[in-house]
Amino acid sequence: MKNLPIGIQTFEEIINNNYLYIDKTKQIEKLINSGKYFFLSRPRRFGKSLLLSTLKEVFSGNKELFKGLFIYDKIKWEIYPVIHLDVTSFQYNDTLEIFNDSIIEKLNRTAQLYNHKLSYTKSVKSCFEELIKKLSEQNKVVILIDEYDKPIVDFITNKEKATINRNLLRDFYSVIKANDQYVKFAFLTGVSKFSKVSLFSGLNNLKDITMNSEFSTICGYTQEEFEYYFADRFEETAKILGYSIEQLKAEVKLWYNGYSWDGINKVYNPYSILNFFQDKKFGNYWFTTGTPTFLVEKFIANKITVTDVSNSKVSDFFFEKFDVDNIDYKLLLFQTGYLTIKENYRDIYILDYPNNEVKNSYLVYLASIYLPKEADQLKVYISEINYYLENKQYEDFFGSLKSIISSIPYTIKREDEAYYHSVFYIIMLLMGAKIDIEKLTSKGRIDGVIEYEDIIYIIEIKHIKEKSNINNLLNTALTQIKEKEYFAPYLAKGKEIKFIALAVNDNNLEYKIC
């Protein structure tokens, strides 16, 4: 049983130190034989850096590292000089001059690896061009750039700073196309896919394989890879967790599979899978590595709710409009891995949460914004609410709901039903109750269903507007449940069924239950 390469992104280290490597070289072989200039966008912790490290070893001619892997006898092994840059190592947080000098320093370090010294010391364009030309004296040059967009994404809510960094990077990347005759292969990766006009106007010959079905599984683990490479860990892990092997595989799939960039091929999150088998317990591994601060600011600025996000329909044009001047929060959520493509039909895409880890973590994260309580206090508070509802202590339950709604910060409140659906859904999720929100039936859409061992609650929520008659709103909600027979799918369960009507706004919450 090989060691798990958690946090290790260097191909050579993985191979030489008996770490598990999921063989992606079949797709790599196809990639390097199908073109010259490529771009790939994937979320953080999804294997982009390892992919570039693997490409570096391929083009460095280190054949013996690939013994036993698909590519070993499939290509003509040749040594090329490689410019491998990790943009996260650039100093871009301060002045433009420091950013400029940081890039030049990294280029000089690469030159030194090949026993060259660069004469240009001020201009990133001149320095980069000189490096390419000098290295090409040995052979055509391979250029690998990891996290190409980091200096822009980190300042996505600071338009001035983001624009300054973008402009410098645009000049820098334009050198690649201008020196085409010296370049063997170029590959750029990042989290975000900026529009070609904004960042790649000087490098508009890149082939974007982000949503290409041929390379949709080049990062992440397919179902086949998961079952093959982790087979020796199933029995022990299943025993510890009290599952059969088949139950374990089904549960892991719900938690960590589901990412797709074409709506057809799905992959597991590699970081979460490795940590799951290391710890032998389910956890929110990928999510807890850090939510980008710009997403936090977007959540608050756009007053995002649960129902704003899931099952969103978009066209193919949606994926091409990202720029500093035009930021769609759903596109941010897609590019950063919180949403994925669930379906694709004639260039219409359905975006939704990829799996349980992301969905549950995302909702809990929203709860930390919605509910102004410390984590330990929140856990106790929600536990009490759950107890009240399960034990039919309705005055205490609805009193607690009202307290939560009145305590939500004004900066994120919205006056519409979808907003209150989201607040209610998040609370129920934290309670650990079995809940469905906006459940479709043959006669309509139920706002919420909560199910306990001996009782089921059918919930309809109405928004109290300025001149609303609250009693009429509550009666309308109850009538809607009865006339549309929202209860019908649950009759066969033999449990008590109760109808709850909620009338709610910023200042008030009224209810009827029958």
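Given charges of +1 on the Cβ of Lys and Arg and -1 on the Cβ of Asp and Glu, with all other atoms neutral, how large is the dipole of the chain about its Cα centre, in debye to the nearest 20? Could the numbers behind the result be given before it?
Values: 66 positive and 68 negative charges, 184 e Å.
That gives a dipole near 880 debye.
Here are some values of Rg and Dmax of the Cα atoms in Å: (i) 23.4, 71; (ii) 26.6, 83; (iii) 33.6, 108. Which one was computed from this structure?
Read-out from the structure maps to (ii).
Please state the relative contact order of the range 74-200 as a whole percent: Cα pairs under 8 Å, 6+ residues apart?
Working: 170 pairs, mean separation 37.2, N = 127.
Taking the mean separation of contacting Cα pairs over the length of the range 74-200, I get 29 percent.
Calculated from DSSP H runs of 4 or more alone, at -39500 (n - 2.57) each and per residue, what is the 222 nm mean residue ellipticity of the chain, nearest 500? Spell out each step's value before the answer.
Values: 19 runs with 215 residues, N = 514.
Result for the chain, helices only: -13000 deg cm²/dmol.
Picking from GLY494, THR222, GLY35, whose Cα lies most toward the positive end of the charge dipole for the chain (charges on Cβ: Lys, Arg +1; Asp, Glu -1)?
Final value for the positive-end residue is GLY35.
Over the chain, average the accessible area per residue using a 1.4 Å probe and give it in Å², no decimals.
Working: 23170 Å² over 514 residues.
I get 45 Å² per residue for this part.
Return, for the Cα atoms of the range 66-110, the radius of gyration and Dmax in Å, separated by a comma.
17.0, 48
Would you mind getting me the FRET efficiency between ASN471 and TYR229? Use the beta-carbon distance for r and R0 = 41 Å, nearest 0.05.
Values: r = 62 Å, r/R0 = 1.50.
Using R0 = 41 Å, I get an efficiency of 0.10.
Run the simple label-point estimate for SER213 and ARG346 please: 7 Å along Cα→C-beta, distance reported in nm.
Taking the simple label geometry, SER213 and ARG346 are separated by 1.7 nm.
How big is the charge dipole of the range 138-286 about its Cα centre, in debye rounded to the nearest 20, if each Lys and Arg gets +1 on its Cβ and each Asp and Glu gets -1 on its Cβ? Could the numbers behind the result be given before it?
Working: 18 positive and 19 negative charges, 118 e Å.
That gives the range 138-286 a dipole magnitude of about 560 debye.
Distance check, please: which entries in LYS24/LYS117; LYS134/LYS161; LYS161/LYS321; LYS24/LYS125; LYS74/LYS193 exceed 27 angstrom between their Cα atoms? Walk me through the numbers before you get to the answer.
Numbers: LYS24/LYS117 35 Å; LYS134/LYS161 33 Å; LYS161/LYS321 20 Å; LYS24/LYS125 33 Å; LYS74/LYS193 31 Å.
Pairs exceeding the cut-off: LYS24/LYS117; LYS134/LYS161; LYS24/LYS125; LYS74/LYS193.
Before anything else, pin down the relative contact order of the range 205-264: Cα pairs under 8 Å, at least 6 apart, normalised by residue count, whole percent.
On the way: 21 pairs, mean separation 29.8, N = 60.
Value for the range 205-264: 50 percent.
Only Cα pairs under 8 Å and at least 6 apart count here; give the relative contact order of the chain as a rounded whole percent. Don't skip to the end; give the middle numbers.
Details: 798 pairs, mean separation 57.5, N = 514.
Computed value for the chain: 11 percent relative contact order.
P(r) for the range 459-514, please, calculated from all Cα pair distances in 5 Å bins and given in %.
Going out from 0 Å in 5 Å bins, the range 459-514 shows 4, 20, 28, 20, 13, 9, 4, 2, 0 percent.
How would you rank 92-103, 158-169, highest first, on the average number of other Cβ atoms within 10 Å across their residues?
Ranking, from highest mean packing down: 158-169, 92-103.
Sort the following peptides by mean Cβ neighbour count (other Cβ atoms within 10 Å, averaged over residues), highest first: 139-148, 268-277, 174-183.
Peptide ranking by packing, descending: 268-277, 139-148, 174-183.
Tally the DSSP beta bridges in the chain and give the antiparallel ones as a percent, rounded to 5. Walk me through the numbers on the way to the answer.
Working: 28 of 55 bridges.
That works out to approximately 50 percent antiparallel.
D for the range 1-147, whole µm²/s, Stokes-Einstein with Kirkwood Rh over alpha-carbon pairs at 37 °C and 0.692 mPa s: what number? All intermediate terms of the calculation are to be shown ahead of the outcome.
Working: Rh = 16.8 Å.
Rounded to a whole number, D works out at 195 µm²/s.
Among PRO151, HIS463, LEU366, pick out the residue whose Cα is farthest towards the positive end of the charge dipole of the chain, where Lys and Arg carry +1 and Asp and Glu carry -1 on C-beta, about the Cα centre.
After comparing all options, I get PRO151.
Sorted by accessible area (1.4 Å probe), largest first, how do LEU20, LEU363 line up? Kindly include the intermediate steps, with their values, before the conclusion.
Details: LEU20 20, LEU363 0 Å².
Listed by decreasing accessible area, they come as LEU20, LEU363.
Of all accessible surface on the range 455-514 at a 1.4 Å probe, what whole percent is carbon and sulfur? Show your work: numbers first, answer last.
Numbers: 1400 of 3000 Å².
It is 47 percent, rounded to a whole number.
The values are calculated or read from the model by the stated rules, or taken from the named source; none is laboratory data. Predicted model, so just to flag it, every value in this text is computed and none were measured. Cβ sites come from the backbone with ideal geometry, for glycine too, and all protein chains shown count toward neighbours. We work out accessible area using only protein heavy atoms, side chains counted, and drop any ligands, DNA or RNA first. Shrake-Rupley method; radii C 1.70, N 1.55, O 1.52, S 1.80 Å.
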